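Asker: Can you read through this structure? Questions will come right after.
The values are calculated or read from the model by the stated rules, or taken from the named source; none is laboratory data. Remember, predicted model here, so these are calculated numbers, not experimental data. Cβ placement follows ideal geometry from the backbone for every residue including glycine, while neighbour counts extend to all protein chains displayed. Surface areas here come from the heavy atoms of the whole protein model, side chains and all, with no ligands, DNA or RNA. Shrake-Rupley method; radii C 1.70, N 1.55, O 1.52, S 1.80 Å.
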Amino acid sequence: MIANTQPTGAGGPQLRGHSIDMDKILHESDIRTRHTKIICTMGPSCWDVPMLETLIDEGMNVARFNFSHGDHEAHGACLERLRTAASNKKKHIAVMLDTKGPEIRSGFFANGADKITLVKGETLVLTTDYSFKGDSSKLACSYPAMATSVKNGQTILCADGSLVLTVLSCDVAAGEISCRIENNAKIGERKNMNLPGVVVDLPTLTEKDIDDIKNWGVKNNVDFIAASFVRKAADVHKIREVLDEEGKHIHIICKIENQEGLENYDSILEATDGIMVARGDLGMEIPLEKVFLAQKMMIRKANVAGKPVVTATQMLESMIGNPRPTRAECSDVANAVLDGTDCVMLSGETAGGEHPVAAVNMMARTSVEAESAINFNGLYQAVRNSVMSTYGYMSPTESIASSAVKTAIDVNAKLIIVCTESGNSARLVAKYRPGMPVHVLTSYETTARQCQGVLKNIKATVMTSMMDTDAIVNELLDSLKKIGNVTVGDLVVVVHGTGNVGGSTNQMKILSIAGSLIKH
């Protein structure tokens, strides 16, 4: 993988981890140097202002609003508190609307039962009549085309895979599927169902999703739409139609959750603004032992395309109830960072867990320790080589961004400054994974939130005007000098355009800090 690239020594390539020694193991890294961004799901455990302020202090970059739960009013109240907390902390915290998406669920039970007991070896009939009140012999399913979608011998997973069914026969006329129960289980009503390997005939955007995007997302000026169960590039185009002119600034992050989405990944990646490796449903759609391979493939291709990628689901799941994660969970976070993920995500850990602050802190500390094992000079070259072997060329703007990172490495620059309106130049600089901090200057709040929210190693500052590049760069450097982040003699690489016009990035320069003056 790209992020694991190590330098080549006199005797040839070296094994990964050659730079890790006892000093690195025993001494804690500076958490303030963290590159990887953290997404926190909103919920009762974290949605008051003091707790949100604490999560921001601990490292939250994006607040995720999960529209599988709650209504517009409740989410709106939480959003208002989030923006109050962000304003109090003077931080750019991005907002992500995560759509519910299409889903298949089991039905309700007869006689007021809250659970049913299913016995291994017995037969369970699934009916597409969703009004049917079920029991341990027959159960309703919300997918009308179930009987025509599955075939004899195929597997149906229910309740996050805790119930496994094998299809025995399908009665299309009756809309019924007879299944063999493969394990003993107790399940409640309306449990999720997955059909591994089946192309499901359901729209990616439901009526609820369209309403949520138009009447909550666009109206509340969210920064990202995390689109559930994206299966083809046409799904992305449909979401852009829904966003329309008023929401065209909102970036789309496609959640890849099934085999069809994986098979169409290249075209989806080309159409989208970002990717989420949604390992929950994906782990029931493809073999569990293959999920890590899918993760590595998706992250690598997103890295080469220069589009931010989020790794999600059960990263620190045990911290919903425990104050400390398992060793495997920490390794999972670290390996996602080493794979090249831009963001890691917390779900129930912050939404409903008992230790939301500890979870964010652990995510931040684990990420920064993983980053300490990366050779950024080698990583730059690996990204560049991969881009050239994949595409054969770069756009002028990307060439400037790539050259800026290489120059910063060569002159040992203290930081890179990117002046941008749309955030595209910042995205391209972040693509080449500089080891030094990257400061983005922009006149748009949305650009600042989007860049600082999901772009690796990016910090953003909103300026009143972008017309005088030298003046705004000097203003930033003066503030950094006052807090000791830069000193006399430091070199800084600046990337900018010819004016405050989007897409005009065409210049790079090196500045030297000398006393109170910035010398070209």
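Asker: Find all pairs meeting these conditions: Cβ atoms under 6 angstrom apart; at least six residues apart or on different chains; first residue within the range 303-328 and among the acidic types (D, E) and open to solvent by less than 60 Å² (accessible area, probe 1.4 Å); second residue part of a strand (DSSP E or B) and modelled with pLDDT of 95 or more.
Answerer: Once the first residue is among the acidic types (D, E) and open to solvent by less than 60 Å² (accessible area, probe 1.4 Å) and sits in the range 303-328, no partner that is part of a strand (DSSP E or B) and modelled with pLDDT of 95 or more comes close enough.
Asker: Please state which of the following conditions R64 fails to meet, knowing it meets all the rest: (1) charged (D, E, K, R); (2) within 30 Å of V198 (Cα to Cα); (3) part of a loop (DSSP other than H, G, I, E, B).
Answerer: (3)
Asker: Quick one: is K232 among the basic types (K, R) and in contact with a Cys (Cβ under 6 Å, 6 or more places away or on another chain)?
Answerer: no
Asker: Would you say L97 is part of a strand (DSSP E or B), open to solvent by less than 40 Å² (accessible area, probe 1.4 Å), modelled with pLDDT of 95 or more and within 26 Å of E189 (Cβ to Cβ)?
Answerer: no
Asker: Which ones in the range 192-232 are more than 18 Å from T272 (Cα to Cα) and either within 18 Å of the chain's Cα centre (by Cα) or hydroxyl-bearing (S, T, Y) (or both)?
Answerer: Residue satisfying the conditions is T206 alone.
Asker: Check whether at least one residue in the range 77-91 is surrounded by fewer than 23 Cβ atoms within 10 Å (Cβ to Cβ) and in a loop (DSSP other than H, G, I, E, B), and report yes or no.
Answerer: Within the range 77-91, one or more residues are surrounded by fewer than 23 Cβ atoms within 10 Å (Cβ to Cβ) and in a loop (DSSP other than H, G, I, E, B).
Asker: Check whether at least one residue in the range 338-351 is open to solvent by 20 Å² or more (accessible area, probe 1.4 Å), in contact with a helix residue (DSSP H, G or I) (Cβ under 6 Å, 6 or more places away or on another chain), farther than 24 Å from I20 by Cα and touching a residue at least 24 places away in the same chain (Cβ under 8 Å), and report yes or no.
Answerer: Looking through the range 338-351, at least one residue is open to solvent by 20 Å² or more (accessible area, probe 1.4 Å), in contact with a helix residue (DSSP H, G or I) (Cβ under 6 Å, 6 or more places away or on another chain), farther than 24 Å from I20 by Cα and touching a residue at least 24 places away in the same chain (Cβ under 8 Å).
Asker: Right, here's the next one. When the residues of the range 100-128 are filtered to those that are of a type in the set (D, E, K, R) and in contact with a Lys or Arg (Cβ under 7 Å, 6 or more places away or on another chain), which remaining residue is nearest to T148 (Cα to Cα)?
Answerer: As a first pass, look at the range 100-128 and keep what is of a type in the set (D, E, K, R): 100, 103, 105, 114-115, 120, 122.
So of that shortlist, the ones also in contact with a Lys or Arg (Cβ under 7 Å, 6 or more places away or on another chain) come out as 100, 105, 115.
Numbers: K100: 24, R105: 17, K115: 28 Å.
Among residues in the range 100-128 that are of a type in the set (D, E, K, R) and in contact with a Lys or Arg (Cβ under 7 Å, 6 or more places away or on another chain), the one nearest to T148 (Cα to Cα) is R105.
Asker: Further question on the same structure: Tell me yes or no: at least one residue of the range 484-500 is part of a helix (DSSP H, G or I) and open to solvent by less than 30 Å² (accessible area, probe 1.4 Å).
Answerer: No - not one qualifying residue is present in the range 484-500.
Asker: Follow-up. Mind listing whichever residues of the range 400-425 are in a loop (DSSP other than H, G, I, E, B) and within 20 Å of Q452 (Cβ to Cβ)?
Answerer: K414, T420, E421, S422, G423
Asker: Restricting to the range 162-179, name every residue that is crowded, with 17+ Cβ neighbours inside 10 Å and either part of a loop (DSSP other than H, G, I, E, B) or acidic (D, E) (or both).
Answerer: G175, E176
Asker: Tell me, which strands (runs of 3 or more DSSP E) lie completely within the range 180-277 with 2 or more residues that are within 30 Å of K133 (Cβ to Cβ) and of a type outside the set (V, I, T)?
Answerer: Values: elements: 185-188, 224-227, 251-256.
Strands (runs of 3 or more DSSP E) meeting the threshold: 185-188.
Asker: Would you confirm, using the coordinates I've provided, whether V462 is touching a residue at least 60 places away in the same chain (Cβ under 8 Å), more than 19 Å from G274 (Cβ to Cβ), in contact with a strand residue (DSSP E or B) (Cβ under 6 Å, 6 or more places away or on another chain) and surrounded by fewer than 19 Cβ atoms within 10 Å (Cβ to Cβ)?
Answerer: On the way: touching a residue at least 60 places away in the same chain (Cβ under 8 Å): yes; more than 19 Å from G274 (Cβ to Cβ): yes; in contact with a strand residue (DSSP E or B) (Cβ under 6 Å, 6 or more places away or on another chain): no; surrounded by fewer than 19 Cβ atoms within 10 Å (Cβ to Cβ): yes.
When the stated conditions are applied, V462 does not pass them.
Asker: Something else now. Does any residue in the range 13-29 that is hydrophobic (A, V, I, L, M, F, W, C) come within less than 9 Å, Cβ to Cβ, of a residue that is open to solvent by less than 100 Å² (accessible area, probe 1.4 Å) six or more places away or on a different chain, and which pairs are these?
Answerer: L15/Q6; I20/S372; I20/A373
Asker: Would you mind finding the one in T397, T341, T350 that is in contact with a Ser or Thr (Cβ under 8 Å, 6 or more places away or on another chain), among the β-branched types (V, I, T) and outside any helix (DSSP H, G or I)? Working first, answer last.
Answerer: Working: T397 fails: outside any helix (DSSP H, G or I); T350 fails: outside any helix (DSSP H, G or I).
Of T397, T341, T350, the one residue that is in contact with a Ser or Thr (Cβ under 8 Å, 6 or more places away or on another chain), among the β-branched types (V, I, T) and outside any helix (DSSP H, G or I) is T341.
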